[in-house]
1. Among the residues that make up segment 98-114, is at least one of them aliphatic (A, V, I, L, M) and modelled with pLDDT of 95 or more?
2. What about Pro79, is it in contact with a Phe, Trp or Tyr (Cβ under 7 Å, 6 or more places away or on another chain), farther than 30 Å from Val123 by Cβ and either exposed (fewer than 10 other Cβ atoms within 10 Å of the Cβ) or touching a residue at least 24 places away in the same chain (Cβ under 8 Å) (or both)?
3. If you go through segment 212-229 one residue at a time, how many are open to solvent by less than 10 Å² (accessible area, probe 1.4 Å) and within 15 Å of Ser117 (Cα to Cα)?
4. Taking segment 97-116, which residues are more than 14 Å from Trp163 (Cα to Cα) and either touching a helix residue (DSSP H, G or I) at 6+ places or on another chain (Cβ under 8 Å) or in the same structural domain as His24 (by the TED database) (or both)?
5. In segment 196-217, which residue that is of a type in the set (S, T, N, Q) and touching a residue at least 40 places away in the same chain (Cβ under 8 Å) is farthest from Leu128 (Cα to Cα)?
6. Among the strands (runs of 3 or more DSSP E) confined wholly to segment 125-173, which include 2 or more residues that are polar (S, T, N, Q) and surrounded by 19 or more Cβ atoms within 10 Å (Cβ to Cβ)?
7. Look through segment 2-23, keep the residues that are part of a helix (DSSP H, G or I) and open to solvent by 70 Å² or more (accessible area, probe 1.4 Å), and return whichever of them is nearest to Ile72 (Cα to Cα).
8. Condition test on Tyr110, is it touching a strand residue (DSSP E or B) at 6+ places or on another chain (Cβ under 8 Å) and either touching a residue at least 40 places away in the same chain (Cβ under 8 Å) or more than 20 Å from Glu212 (Cβ to Cβ) (or both)?
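The values are calculated or read from the model by the stated rules, or taken from the named source; none is laboratory data. Keep in mind the model is a prediction, meaning the values are calculated, not measured. Here Cβ is always computed from backbone atoms with ideal geometry, including for glycine, and neighbour counts include all displayed protein chains. Areas reflect the complete protein model, heavy atoms only, side chains present, ligands, DNA and RNA absent. Shrake-Rupley method; radii C 1.70, N 1.55, O 1.52, S 1.80 Å.
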Amino acid sequence: MAHPSQLGFQDAASPVMEELLHFHDHALMIVFLISTLVLYVIIAMVSTKLTNKYILDSQEIEIVWTILPAVILFLIAFPSLRILYLMDEINNPHLTVKALGHQWYWSYEYTDYHDLSFDSYMVPTQDLMPGQFRLLEADHRMVVPMNTPIRILISSDDVIHSWAVPALGVKTDAMPGRLNQTAFIAARPGVYYGQCSEICGANHSFMPIVVEAVPLDHFENWSSLMLDA
């Protein structure tokens, strides 16, 4: 969960999000080193009147500043492509959940598990319990077992929505007439919050996403209670 004045990302709750955080730090360090070098060169050129013809006209320097940026781009591109393939890979999911976006709430269907389905609305401010978050809490959470590959099928019933949970490293558009899919593994138990990340209408910021990761036996008990209800 993000907190006020937070500068960094939320703590990673899935292996893919951990990889994304590592890549962010890797790319940021490269940008920091390049910025430092460029700033040093600018200061050195402005603060001194000395010139050197071997620096102003040198084939060796031109070769270096042509090859070095190419090497830096490779150092950024290869880890980025690796993460893209990891995010796109969906191998033998143990559970499939369909998330359907409406104006302005989400519907969830556990079609391969007891044929369970329900709607998830935002809890109004006046109905919040102590400890619940305003504009982020939902009356029905999407409960999934932890340490289990989960596939999410995402679509929309009206306009374009976006199913996004930052801590899990998931953000996929919900398009009318199209079925998109993504996957995640919740590495530890917890409650993870997200929101619709598309400007889908007047109340687009009022359709929160709440994913609760629990042990498998707790998930089975929850599903049984939902079916009985």
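1. The initial filter retains those residues of segment 98-114 that are aliphatic (A, V, I, L, M), namely 99-100.
Filter once more, keeping what is modelled with pLDDT of 95 or more: 99-100.
Scanning segment 98-114 turns up at least one residue that is aliphatic (A, V, I, L, M) and modelled with pLDDT of 95 or more.
2. Details: in contact with a Phe, Trp or Tyr (Cβ under 7 Å, 6 or more places away or on another chain): yes; farther than 30 Å from Val123 by Cβ: yes; either exposed (fewer than 10 other Cβ atoms within 10 Å of the Cβ) or touching a residue at least 24 places away in the same chain (Cβ under 8 Å) (or both): yes.
Against the criterion (in contact with a Phe, Trp or Tyr (Cβ under 7 Å, 6 or more places away or on another chain), farther than 30 Å from Val123 by Cβ and either exposed (fewer than 10 other Cβ atoms within 10 Å of the Cβ) or touching a residue at least 24 places away in the same chain (Cβ under 8 Å) (or both)), Pro79 qualifies.
3. If we filter segment 212-229 for residues that are open to solvent by less than 10 Å² (accessible area, probe 1.4 Å), which is where we start, we get 213, 219, 223.
Pick out the ones that are also within 15 Å of Ser117 (Cα to Cα) and you get 219, 223.
Total meeting the criteria: 2.
4. Kept after step one, since they are more than 14 Å from Trp163 (Cα to Cα), are these residues of segment 97-116: 109-116.
If the condition is that a residue be more than 14 Å from Trp163 (Cα to Cα) and either touching a helix residue (DSSP H, G or I) at 6+ places or on another chain (Cβ under 8 Å) or in the same structural domain as His24 (by the TED database) (or both), then Tyr110, Tyr113, His114, Leu116 are the ones that fit.
5. First, pick out the residues of segment 196-217 that are of a type in the set (S, T, N, Q): 197, 203, 205.
Still in the running and touching a residue at least 40 places away in the same chain (Cβ under 8 Å): 203, 205.
Details: Asn203: 19, Ser205: 17 Å.
If we take residues in segment 196-217 being of a type in the set (S, T, N, Q) and touching a residue at least 40 places away in the same chain (Cβ under 8 Å), then Asn203 is farthest from Leu128 (Cα to Cα).
6. Values: elements: 142-145, 150-156, 161-165.
Those strands (runs of 3 or more DSSP E) span 150-156.
7. Within segment 2-23, the first condition is being part of a helix (DSSP H, G or I), and the residues that meet it are 15-23.
Filter once more, so that each one left must be open to solvent by 70 Å² or more (accessible area, probe 1.4 Å): 18, 22.
Numbers: Glu18: 22, His22: 17 Å.
Within segment 2-23, the match that is nearest to Ile72 (Cα to Cα) is His22.
8. Numbers: touching a strand residue (DSSP E or B) at 6+ places or on another chain (Cβ under 8 Å): yes; either touching a residue at least 40 places away in the same chain (Cβ under 8 Å) or more than 20 Å from Glu212 (Cβ to Cβ) (or both): yes.
Yes; evaluated as a whole, the condition is true for this residue.
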